[in-house]
Structures are given as structure tokens and as C-alpha cells.
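Derivation of every value follows stated rules applied to the coordinates shown; laboratory data play no part. Computed from a predicted structure; not experimentally measured. Ideal geometry is used to build each Cβ from the backbone, glycine not excepted, and the neighbour counts take in all protein chains shown.
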Amino acid sequence: MADRSAIEWTDASWNCIRARNKKTGKVGWHCEHATTGCINCYAEGFNKRLGTGLPFKPGHRDDIEIFLDEEMLLQPLRWKKPRMIFVCSMTDLFADFVPDEWIDKMFAVMALCPQHTFPVLTKRARRMRDYFAPTGCVNCGDGQLEGGCCDEPYVLRGDKDSEAFRDALIEGAAQALYAKLHPGEDPSLWLAVHAPLPNVWLGVSAERQPEADERIPELLATPAAIRFISAEPLLGPIDLLRIPGGGAFKMATSTIGAATNTGWHQVGLHWVIAGGESGPAARPMHPEWARSLRDSCAAAGVPFFFKQWGEWAPDDFSNHSGRAAWLSPDGTLLDDVLEIDKSDCKKPCYLIFRYGKKAAGRFLDGVEHNRFPKVQG
Ligand code: SF4
């Protein structure tokens, strides 16, 4: 667990799912690429240098032992001062190599730490939804709603029952943990988990429209106090109003009546983070992609956080020559990266330069966007 984090929107990270290299004994982390957004995974580079030494590939599962670090699991309980704690910044909590039992234990710790806020970010949106509110056939796990998915008699999992079952598991794990830490006290006197936990924010990564179209509807179907997307690295345009099912913001208003019965149970998307890629092989982010997210959030009244430009930034705040990519105003990258002199720029195209993450900074059209969502009681 990192006591502090360099990530702009969090104070600390919590990484109790670890991996041990069976050959060298080195301890680090494990994950597996799920999508184009994983290509330059920061955690993988860090793990290669300072962890198990292995890349994040499924082929390495036999080379490692993946385990839940019980000491790190409890660390948020020791932090009294409220913090924003990024859950599993070095892997994906909902990857298939993480058993439900470990997820239960981590949510139990979150339930026991109401002083902290826990953003959970995944690229495995379907598994996250299934963890909280599974649907489909109980035999094969298929999401089909009308049977015919396997040879077994078809049994549809009920959302409400499954949610209640998951809540009970989280509450049970939290009570067991509390009883272990405070022998002689009865946790049921004070602990009652009314999921979704108000201090847990659930989010999905969305780097382009196809990933947004696949993951955001799953997120919107998952019970959560706060739902967010991290459009980072932003690798293509995303129109949040065209998400299947009525758009990320429209869906919030169309389902609000049915889903506000618990008081914590907000619907829709509550927070959008956007940012460019960093690292040696970083890909450029077109400024129009970030502007479009900013503007649709502003129109919907949803908080927007611009995390960083990453390695590349538009040439709107200094004169510069060097490695550059042409941009067109319609939001496309026109060419491969070139070595360019600023005087070569021809209208209507303009340029995005490799300034480096620090110099590129976090201003979008001269403004720092730092808004966070608020849980409504
Ligand atoms: S899911 Fe996250 S941690 Fe895992 S490989 Fe992809 S970017 Fe890295």
C-alpha cells in the first residue's frame, strides 16, 4: 500500500492483491491486458522494475502465486484521518484471477472505514456488475434473459435477491473482521451495511467510444453510491450522450424513480475523469476529445476532472519545435508522429507536441478542472 499517491485525484492507493514470482521469490503484482488502454500500462512497467519482474500476461499465471496480503488488507483501518484511497491501482479488482472471497474481504474493510472514500476502477465492467447484481443463467453465467444458453434447466438470477445476498456477504465478512479486531464487542450493535456503501465509488475505464459503449451500460446497471468513468488514456472521441440504452446522463433521469428507494442509491453517471497517456510510448490525445467530455459534463451538470495532458499537449501555450503529430479540428489525428518545425504548420491543421508530462501540465484551455462528486443522502 502506498501511503501517498502521485495520482492527481487520490491521496493513497491500496494494493493488497499481490503476486510472488515462484522462481525468484520477488513480490509484486499481477494483471493481464484487457484492452488497447492497457498497452502502456504504468503498473506493468513498475512491476517489471520493482515487483515480480514479469509482464502482465496470462501466460505468466503459472510462474506466480497470486495472494491476498492480509496485513495490507487491514491498513485502511489504521488510518484515522479521512483519505481518498484508490483501490487496486496495480491490478484490476474484478479480473478473473481474483476470487469473490477476496473481493468480499476488501469490501468488508471499506464498510468498516466510513471515514475514507474508496474509488474502485475496473476494465472488467461485466464482472463488477455480476458481483453486485448478477443476471442471467445461474448454471453457465451467461447474461441471456430467455434461456437456451446451456443444456441445464434455465434459472434466472434475480437482481434483488442477488444484491441482498452480496450485501449479506459483505456485512458478514465485516462483522467477522470487526470481531477479530475487537474481541468481546458485538459488531451487530453498530454495523449494518446498507449497500451500496456510501463511501465506495464504482468506476470503469473508457478510452474510446467502443469501450465506453461496452462498459458504461454495465456500470449504470450496477448499484453504487457514485458511478464514474476514467477516460484515461483518452485514445479516441467519446460521446456520452450516445451510450447504448439512452446515453450516460439520460439513463440517470429515466430510471431515477425506480432506483432511489434506499436514499444512497443514485443512478446515472456522477463523475468523469479525463486525461492523456504518459510514459515513453505515450499516444497523443486530441484536445477536442477532452473538450467534448468537458462540455457534455457541463451541459449535464456532472463534475469533470481533467487529470493531465500526459506526454503530449497542443501548441497553445508556447512556441515549440520537435516531435509532433498533426491534428485536424474535427478530432482526428492526421499523421504519424513527425519531427516538425513549427513554421511548417498549415491551417486548418494544428499540432500537438511531445512536451513531457510535467511541462504539459493540467490546464485545458487555460482552466484547471478539479471537480469531485458529492454523495447525496
Ligand atoms: S487492467 Fe489496468 S492494471 Fe491491468 S493491465 Fe490493464 S491498465 Fe494495467
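Put simply, region 1-101 fits an ellipsoid with semi-axes of 23, 16, 13 Å; these come from the alpha carbon gyration tensor as the roots of five times its eigenvalues, largest first. Counted by Cβ distance under 11 Å from residue 32, the other residues give a net charge of +1, where Lys and Arg count +1 and Asp and Glu count -1. Of the trypsin sites (Lys or Arg not before Pro) found in region 28-122, those in coil by DSSP whose Cβ has at most 12 other Cβ atoms within 10 Å are 80. Pairs from the list 26/123; 23/358; 26/307; 48/307; 26/105; 22/357 with a Cα-Cα gap above 30 Å: 23/358; 26/307; 22/357. Between the amide H of residue 370 and those of 306, distances stay under 5 Å, these residues lying 5 or more places away or on another chain, with hydrogens modeled in the peptide plane.
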